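Input: a single structure, listed below in structure tokens.
Nothing in this text is a laboratory measurement; each read-out follows from the coordinates by a stated rule. Just so you know, these numbers come straight off a predicted model, no measurement behind them. A quick note on method: Cβ atoms are made from the backbone with ideal geometry, for glycine too, and the neighbour counts reach across all protein chains shown.
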Amino acid sequence: MRYHATRKLLVLSLVLILFATFSSSAAAFQGLLVQFEQSIGRGAAPELIKQYGGEYVLPIQERLWLDEIFRRLVQVTKRTEIEYTLTILNTQEINAFALPGGYIFITRGLMKAIGNDESQVAAVLGHEIAHVECKHGLNAVLRQMGLTVLVEVGMFWLDLGSAEIVRAASATALQLLQLGWGRDAEYEADILGQQYAVEAGFDGVGAVFLMDYLLTIESPDQPMRVFRTHPESLERRDRVAANLVSFWGQPQQISHQECLEVLNTRRNSILDPRMDPLG
């Protein structure tokens with residue numbers, strides 16, 4: 001009886017040791033995977049900037065305004081291990097991109113088209129940030145390189161830090177970026193990006209207005225010039241419009257005086273001025 005009890009204790013101890021070792025190794029591997037993701041973006045970013053005319057420098061006041069929108073969006077993200085950066089591409093093409101590892105890009109043409117509508121800017125940037133949060137770019141690269149299964153089963157011997165693998169992954173990311181991360185990924189980024197915008201205090205209807213604008217400029221004559229890496233805007237517009245209902249608060253009765261204050265200050269809500277997109 002004592003022998004069996006001792007044996008069970010040894011087996012249990014061995015299991016606990018193996019579990020602790022595996023958990024530690026798994027955590028270490030996840031850390032390596034984050035480093036690999038960041039390396040992909042870091043390697044691909046210079047070439048992307050070169051392809052789109054270099055980096056455009058906004059006037060200081062416009063840049064501060066844009067950075068504040070970006071900062072508020074980043075604050076509501078969940079992936080704290082990622083450091084986000086924003087670059088404006090010097091091209092009149094209307095587009096925006098996200099590379100793995102937190103590298104966000106918006107074109108000069110899209111900035112000019114949106115103008116000073118912060119809700120639309122937040123919709124664009126929220127969408128691209130959502131791609132990184134969901135690891136759409138990283139997962140697409142891993143699938144294309146045939147590494148998905150190896151990563152899923154935790155092949156700890158896989159040398160993700162190899163310079164050759166990083167270069168191949170960065171080149172793959174650039175190729176896939178021109179095709180988009182996939183229709184389902186775009187739809188997911190639309191909804192999550194809209195949610196981030198609302199959580200950051202912007203009007204969620206900005207995503208709808210953005211799609212409305214894209215629909216006015218899309219045409220068969222220039223199918224590759226307007227958001228060419230994204231699905232058609234009509235279905236996307238319907239999805240983000242339907243999703244607005246999830247941000248509605250409970251109706252609140254306000255006085256005539258409060259109504260006038262809302263109108264005078266151009267706010268949407270007395271109780272929470274930045275969080276009720278439909279007022």
* To do: For a quick protection proxy, order the peptides 134-141, 52-59, 121-128 by their average other-Cβ count within 10 Å, most packed first.
  => 121-128, 134-141, 52-59
* How high is the FRET efficiency from Met145 to Asp212, r the C-beta distance, R0 45 Å, rounded to 0.05? -> 0.75
* Taking K and R as +1 and D and E as -1, what net charge do the other residues with C-beta under 10 Å from the C-beta of Phe105 add up to? -> -2
* **Counted charge near Ala140, where neighbours are those whose Cβ lies closer than 14 Å (Asp, Glu -1; Lys, Arg +1)** => -1
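Restrict the search to region 34-104; then list the trypsin sites (Lys or Arg not before Pro) that DSSP places in a loop and that have at most 10 other Cβ atoms within 10 Å of their Cβ. Numbers along the way, then the final one.
Details: sites: Arg42, Lys50, Arg63, Arg71, Arg72, Lys78, Arg79; in loops: Lys78, Arg79.
The qualifying sites are Lys78.
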* Structure fact -> Between the modelled labels at Glu258 and Glu47 (7 Å from Cα along Cα→Cβ) the distance in nm is 5.7
